[in-house]
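Participant: Here's a structure for you.
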2 protein chains.
Amino acid sequence: MRAHASATRHLNAQLSADHGLTISDFEVLLRLGQAADRRLRRVDLAGELLLTASGMTRLLDGLEQAGYVERASCPGDRRVVHAVLTDAGLEKLRDAATTHFAQVDDLFCARYEEHELDDLAALLSRLGGNEPANCEPPAS
Amino acid sequence: MRAHASATRHLNAQLSADHGLTISDFEVLLRLGQAADRRLRRVDLAGELLLTASGMTRLLDGLEQAGYVERASCPGDRRVVHAVLTDAGLEKLRDAATTHFAQVDDLFCARYEEHELDDLAALLSRLGGNEPANCEPPAS
DNA sequence: TATGGTTGCTTGCGTACTCAATAATAGCGC
DNA sequence: GCGCTATTATTGAGTACGCAAGCAACCATA
C-alpha cells in the first residue's frame with residue numbers, strides 16, 4: 001500500500017527537475033486546461049485534487065507568482081475567485097504534459113500489462129467513492 | 001489514484017482520535033512488536049516505512065518522549081542506535097491494533113469482496129519493486 | 001429588512017515530512 | 001599503522017500540507 005509513495009515521489013522529482021512543477025502544480029494546470037474558458041472556482045479545484053481550500057490558496061499563490069494562473073472575480077457571486085490559466089500557463093502545461101505522461105506511461109507500462117491496468121484502475125476508483133459492495137460475514 | 005489519500009486521511013484521523021497516534025507512529029510500534037527482541041535499527045525502520053533517516057529520527061523522538069520506544073546502542077556497531085519497544089509501547093500497540101485493524105477491515109470490506117482484495121494486493125505490490133513485466137509496443 | 005445559517009476564501013499556526021550538511025564509526029587497501 | 005570511502009544517525013532549513021478561526025457575501029425565513 002505504501003508502494004505508491006515511492007512511485008509518486010519519483011514522478012514528482014522528474015516533473016520538478018524537468019519543469020519546476022510539483023505534481024499538484026501540474027494537476028492544477030491540467031484541470032484548468034481542460035475546463036471551459038480555462039477557469040475554475042478555487043473550491044472546485046481543491047475538491048478535485050483532494051486538498052483543503054487553504055491548501056489550494058497557497059498552491060495557487062505559487063502558480064500566480066510564476067505567471068501560470070491569474071485570479072478573476074466571478075460576476076454572479078462575489079465570494080468566488082476563479083483561477084484562470086494564462087497563455088504562459090497553457091504553454092507550460094503543453095511542455096510538461098508530454099514528458100510527464102510519457103514518464104507515467106513508462107512507470108506503469110514497465111510493470112503491468114494492459115488488462116491489469118484496467119483492473120487496477122477499476123479497483124482503485126472504488127476506494128474514493130461511498131458505495132459499499134457486500135461484506136461477507138466471516139464465513140469460516 | 002488519489003483516492004487512497006482520502007481513505008488514509010480518514011484512518012489517520014481515527015487512529016489519532018482514538019489513541020493519539022499517527023499511522024507512522026502505529027507502524028513503527030507494529031514493526032517493532034513483530035521484530036526479534038522488539039528492536040530494530042533506525043535505518044531499517046526507515047526503509048520499511050519509506051521514510052528518510054532524518055524523518056525516522058524525528059518520528060522516534062516523539063515515540064521516545066511518549067515512552068513507547070527506547071534507544072539502545074548496538075554492541076557490534078557503535079554507529080547504530082536500536083529502537084526498542086518498551087512495555088508501555090507494547091501495551092499501546094495492543095490497544096491500538098485491534099481498533100485500527102478493525103477500521104481498516106471496515107474500510108476495505110465495505111468496498112471489496114475477498115478475491116478483489118487479493119487482486120488489488122497483488123497488483124499494488126508490484127508498484128514498489130523493480131521487476132518490469134513486458135511492455136508491448138503500441139500495436140495500433 | 002433584520003437575522004441566522006452556509007459557502008468561498010484567506011491567514012496564523014502547527015506538523016510531518018524532505019534534502020543538504022555534519023560527525024562519528026566501520027571497513028577496506030596499502 | 002594511515003588514508004579512503006561507505007554507512008548510520010542527527011541537525012538545520014525549507015516545504016507542503018491540515019486545522020481552526022476569521023471575514024465577506026449569499027440565501028432563506030420571518
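Participant: A:V28 - would you say it is in contact with a helix residue (DSSP H, G or I) (Cβ under 8 Å, 6 or more places away or on another chain), of a type in the set (A, V, I, L, M, F, W, C), within 15 Å of DNA strand D (Cβ to nearest atom) and free of Cβ contacts under 8 Å to residues at least 40 places away in the same chain?
Facilitator: So A:V28 fails the test.
Participant: Given the conditions (1) more than 15 Å from DNA strand C (Cβ to nearest atom); (2) without any contact (Cβ under 8 Å) to a residue 12 or more places away in the chain, report the number of the one that B:S54 does not fulfil.
Facilitator: (1)
Participant: State yes or no: is B:R71 farther than 15 Å from B:H100 by Cβ, surrounded by 15 or more Cβ atoms within 10 Å (Cβ to Cβ), of a type outside the set (D, E) and at pLDDT 95 or above?
Facilitator: No.
Participant: Are there any pairs, at least 6 apart or on different chains, whose C-beta atoms fall under 8 Å, with the first in the range B:1-16 and closer than 16 Å to A:H4 by Cβ and of a type in the set (S, T, Y) and the second in a helix (DSSP H, G or I) and modelled with pLDDT under 90, and if so, which?
Facilitator: The qualifying pairs are B:S6/A:L127; B:S6/A:G128.
Participant: Can you tell me which residues in the range A:48-57 are outside any helix (DSSP H, G or I) and polar (S, T, N, Q)?
Facilitator: Scanning the range A:48-57 gives a single hit, A:T52.
Participant: Please work out if B:T8 is near DNA strand D (Cβ under 8 Å from one of its atoms), polar (S, T, N, Q) and either within 12 Å of chain A (Cβ to nearest Cβ) or surrounded by fewer than 17 Cβ atoms within 10 Å (Cβ to Cβ) (or both).
Facilitator: No; evaluated as a whole, the condition is false for this residue.
Participant: Tell me which residues, restricted to the range B:34-47, are part of a helix (DSSP H, G or I) and either surrounded by 14 or more Cβ atoms within 10 Å (Cβ to Cβ) or within 12 Å of DNA strand C (Cβ to nearest atom) (or both).
Facilitator: Matches in the range B:34-47: B:R38, B:R42, B:V43, B:D44, B:L45, B:A46, B:G47.
Participant: Any idea which residue in the range B:77-102 is farthest from the other protein chains (Cβ to nearest Cβ), counting only those that are free of Cβ contacts under 8 Å to residues at least 24 places away in the same chain and within 11 Å of DNA strand D (Cβ to nearest atom)?
Facilitator: If we take residues in the range B:77-102 being free of Cβ contacts under 8 Å to residues at least 24 places away in the same chain and within 11 Å of DNA strand D (Cβ to nearest atom), then B:R78 is farthest from the other protein chains (Cβ to nearest Cβ).
Participant: Here is a check on your reading of the model: is A:L21 more than 14 Å from chain B (Cβ to nearest Cβ) and within 12 Å of DNA strand D (Cβ to nearest atom)?
Facilitator: yes
Participant: Here's something else I'd like to know. Filter the range B:105-140 down to the residues that are within 18 Å of the chain's Cα centre (by Cα), at pLDDT 80 or above, loosely packed, with under 15 Cβ neighbours inside 10 Å and within 16 Å of B:H4 (Cβ to Cβ) and list them by number.
Facilitator: Across the range B:105-140, the qualifying residue is only B:A121.
Participant: Looking at (1) within 14 Å of DNA strand C (Cβ to nearest atom); (2) within 14 Å of another protein chain (Cβ to nearest Cβ), can you tell me which one B:S16 breaks?
Facilitator: B:S16 satisfies all of (1) within 14 Å of DNA strand C (Cβ to nearest atom); (2) within 14 Å of another protein chain (Cβ to nearest Cβ) except (2).
Participant: Output the residues belonging to the range B:58-97 that are more than 16 Å from DNA strand C (Cβ to nearest atom) and assigned to a helix (DSSP H, G or I).
Facilitator: B:D87, B:A88, B:G89, B:L90, B:E91, B:L93, B:R94, B:D95, B:A97, listed by residue number.
Participant: Only one of (1) more than 16 Å from the chain's Cα centre (by Cα); (2) within 15 Å of DNA strand D (Cβ to nearest atom) fails for A:A36. Which number is that?
Facilitator: For A:A36, the exception is condition (2).
The values are calculated or read from the model by the stated rules, or taken from the named source; none is laboratory data. Owing to the predicted nature of the structure, the values given are computational and were not obtained by experimental measurement. Ideal geometry is used to build each Cβ from the backbone, glycine not excepted, and the neighbour counts take in all protein chains shown.
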